[in-house]
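Report on the following structure.
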Amino acid sequence: MSQELNLILLGPPGAGKGTQAARLVQDFRLPWASTGDMLRAAVTEGSDLGLKAKGFMDSGALVPDDLIVDLIVERVAQEDCEDGFLLDGYPRTIPQADALAEALEGLDRKVTAALLVELDDEEVIRRLSGRRVCVTSGHGYHLDFDPPKHEGVCDQDGSRLVQRDDDKAEVIENRLEVYHAQTEPLVEYFESRGLLRRFDGSRSQTEVHDHIRAALATLRLEESA
Ligand code: AMP
């Protein structure tokens, strides 16, 4: 019996995975890896990976599996992930999920649960198109739900707020198509393995968080029974 929490956050772009990840990481003191953040950092650095990834990201396509799989396989094998981890934005394809399962199996471990935050396409579009981030530290805002005090300026550090290139209307549509075609099959993948837990992403962030926490508490009880 293990008390490890090897968690995956699944769901369409804009469902609030990043927000939930930040909260869960605090609750359970888990290391958190967001492949989107890792790739954006690589693009900013101008590293080899960043140069290869940028074009795919800007168009809303997925970066090819071979660029991303090793990053995560190496990450989960690191010492700070021994008692668990939270992956946000990985896996996005079945081969990525298989690669993770294989890497974990080699460590005599497995995924504890895949947390699916569901949201319909219309709401995804509304949420993503209103999203703004601060150019300096990435603090997030939303024009409708969480506007800054002064238009276009970060409340926390006064930096300029911008729209991520891939949050622009024409790219959002593509990201949704990619989600349905390449990532959504993972719902069935994890469901058939008994690992899927579903959450209603149209609820408030706090409600979604409470539901996820309750589900994880139940899971731990079941595991220790
Ligand atoms: P995100 O912030 O998770 O929406 O990721 C932003 C972009 O990074 C995606 O649209 C993809 O181009 C790329 N990306 C992030 N994670 C992955 C992944 N696991 N596999 C392939 N591409 C990814």
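Over the chain, dividing the summed -39,500 (n - 2.57) contributions of all DSSP H runs of at least 4 residues by the number of residues returns a 222 nm mean residue ellipticity of -14500 deg cm²/dmol.
Subtracting the Cα-Cα distance of Glu207 and Asp121 from their residue separation scaled by 0.36 nm leaves 28.9 nm. Once the 1.4 Å probe is applied to the protein heavy atoms, the chain comes out at 52 Å² accessible per residue.
Only the Cβ atoms of Lys and Arg (+1) and of Asp and Glu (-1) were treated as charged; on that basis the dipole of the chain about its Cα centre amounts to roughly 500 debye. Extension gain for Gln182 to Lys52 (0.36 nm times residue separation, less C-alpha to C-alpha distance): 44.8 nm. Contact order, relative form, for region 145-225: 10 percent (alpha carbon pairs under 8 Å, 6 or more residues apart, mean separation divided by residue count).
Counting 0.36 nm for each residue step from Lys110 to Arg193 and taking away their Cα separation leaves a gain of 28.8 nm. Compute the separation of the alpha-carbon centres of region 183-214 and region 48-73 and state it in Å as a whole number. Going from one Cα centre to the other spans 25 Å. Shape descriptor for region 46-176: Rg over Rh equals 1.02 (Cα atoms; Rh from the Kirkwood inverse mean 1/r). If the reach is capped at under 12 angstrom between alpha carbons, list the aspartates and glutamates near Lys168, excluding any in the same chain fewer than eight residues apart. Lys168 reaches Asp58. Prolate is the label for the chain, because a/c, from the alpha-carbon gyration tensor with a ≥ b ≥ c as root eigenvalues, is 1.5 or above and a/b exceeds b/c.
Sparse packing (at most 13 other Cβ atoms within 10 Å of the Cβ) combined with a DSSP loop state is found for the following GluC sites (Glu not before Pro) in region 48-93: Glu82.
The values are calculated or read from the model by the stated rules, or taken from the named source; none is laboratory data. The structure displayed is predicted, hence computed values, not measured ones. Here the Cβ is made from the backbone with ideal geometry for all residues, glycine too, and neighbour counts use every protein chain on show. Each accessible area value is taken on the protein alone, full model and side chains, heavy atoms only, with ligands, DNA and RNA left out. Shrake-Rupley method; radii C 1.70, N 1.55, O 1.52, S 1.80 Å.
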